[in-house]
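For reference, the structure discussed in these notes is given below.
What follows is calculated from the coordinates using simple rules that are stated; it is not laboratory data. Remember, predicted model here, so these are calculated numbers, not experimental data. As a convention, Cβ positions derive from the backbone with ideal geometry for all residues, glycine included, and neighbour counts pool all protein chains shown.
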Amino acid sequence: QVPLVESGGGLVQAGGSLRLSCAASGRTFLNYPMGWFLQAPGKEREFVAAINWSGGTTYYVDSVKGRFTISRGNAKNTVYLQMDSLTSEDTAVYYCAAALPGSALTISDSYKNWGQGTQVTVSS
């Protein structure tokens, strides 16, 4: 298990921005693809974005393309989700997770380690 801790959530007005961070400990994190998922009240957990171990390849759900950017820190032990042009539809709990190398990164079953989540609320 790789401990993951998200931070950076909060309340923001529509059109605003937030930057989520996901910190992990342990060398094993360095080789893990990482992803962000969201879960709105009463809904299933949904894929948002993912990044491979080197940071060279990224994936996004269509609804956030051009607005969200996933990246890894220089030491590869922190993953960020920059969220711009937020709308009320983005309101949810956001989770980061570590996937097994080589797995399908848009599928939640590929992720074996999850953080506790951080709440993002966008007011209209």
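Data overview
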read-out: Qualifying GluC sites (Glu not before Pro) for the stretch 1-87 [loop in DSSP, other Cβ within 10 Å: at most 16]; value: Glu44
read-out: Zero-based 5 Å bins, Cα pair distances in the chain, whole percents; value: 2, 12, 24, 26, 20, 10, 5, 1, 0
read-out: Inter-probe distance in nm under a simple model that places probes 7 Å from Cα toward Cβ, at Gln119 and Ala23; value: 2.2
read-out: Rel. contact order, % - alpha carbon contacts under 8 angstrom, at least six apart, the chain; value: 36
read-out: Paramagnetic reach from Asn31 in the stretch 84-119 [backbone N under 18 Å; point 7 Å along Cα→Cβ]; value: 98-104, 111-113
